[in-house]
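Asker: Before anything else, here's the structure in question.
The values are calculated or read from the model by the stated rules, or taken from the named source; none is laboratory data. Keep in mind it's a predicted model, so treat the numbers as computed, not measured. Cβ atoms come from the backbone with ideal geometry, glycine included; neighbour counts cover every protein chain shown. Calculation scope for accessible area: heavy atoms of the full protein, side chains included, ligands and nucleic acids excluded. Shrake-Rupley method; radii C 1.70, N 1.55, O 1.52, S 1.80 Å.
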Amino acid sequence: MEIRVQSIKFDADQKLLDFVEKKVSKLAKFYDAILNVEVTLSLLQEHANKNVKIQVGIAGGGDLIVERNAKTFEDALVDCVDILKEKIVKVKEKRQE
């Protein structure tokens, strides 16, 4: 599973990149047909100004996309990963029927 991280309007530090890698890599254990994960980190003008968008590419077609805003990138990332876990399990169950 390939993980790509893109930061828009700022340079992500290594600590944040490591955190993203650690959290996102856990998705692989839910479904082995995950090909790649694209994480986009961006800053917004709003109060909860950290935006995380995760796009998961799955073999056989169909991407899962989740986007969340929070006060920190870490909070937004954890929310996204939790939602993606549920979505990935649903996709896996549908394909095994």
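Asker: Restricting to the range 22-41, name every residue that is under 13 Å from the mean Cα position of the chain (by Cα) and surrounded by 15 or more Cβ atoms within 10 Å (Cβ to Cβ).
Answerer: Listed by number, the residues that qualify are K23, V24, L27, I34, V37, E38, V39, T40, L41.
Table: residues versus (1) surrounded by 16 or more Cβ atoms within 10 Å (Cβ to Cβ); (2) modelled with pLDDT of 95 or more; (3) hydrophobic (A, V, I, L, M, F, W, C); (4) assigned to a helix (DSSP H, G or I).
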residue	(1), (2), (3), (4)
V20	yes, yes, yes, yes
A48	no, no, yes, no
L64	yes, yes, yes, no
K94	no, no, no, yes
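Asker: Separate question: When V56 is evaluated against the numbered criteria (1) of a type outside the set (G, A, S); (2) open to solvent by 80 Å² or more (accessible area, probe 1.4 Å); (3) at pLDDT 95 or above, which criterion, by number, is the only one it fails?
Answerer: Answer for V56: the failing condition is (2).
Asker: Of all residues being surrounded by 15 or more Cβ atoms within 10 Å (Cβ to Cβ) and touching a strand residue (DSSP E or B) at 6+ places or on another chain (Cβ under 7 Å) in the range 4-16, which is nearest to A59 (Cα to Cα)? Just the residue, please.
Answerer: Taking the range 4-16 as the starting set, the residues that turn out to be surrounded by 15 or more Cβ atoms within 10 Å (Cβ to Cβ) are 5, 7, 12, 16.
Now drop any that are not touching a strand residue (DSSP E or B) at 6+ places or on another chain (Cβ under 7 Å), which leaves 5, 7, 12.
Numbers: V5: 20, S7: 26, A12: 29 Å.
Within the range 4-16, the match that is nearest to A59 (Cα to Cα) is V5.
Asker: Considering only residues that are among the β-branched types (V, I, T) and surrounded by fewer than 16 Cβ atoms within 10 Å (Cβ to Cβ), look in the range 79-92 and name the one that is farthest from V37 (Cα to Cα). Working first, answer last.
Answerer: As a first pass, look at the range 79-92 and keep what is among the β-branched types (V, I, T): 81, 83, 88-89, 91.
Going one step further and asking which of them are surrounded by fewer than 16 Cβ atoms within 10 Å (Cβ to Cβ), we end up with 83, 89.
Details: I83: 14, V89: 16 Å.
Going through the qualifying residues, I end up with V89.
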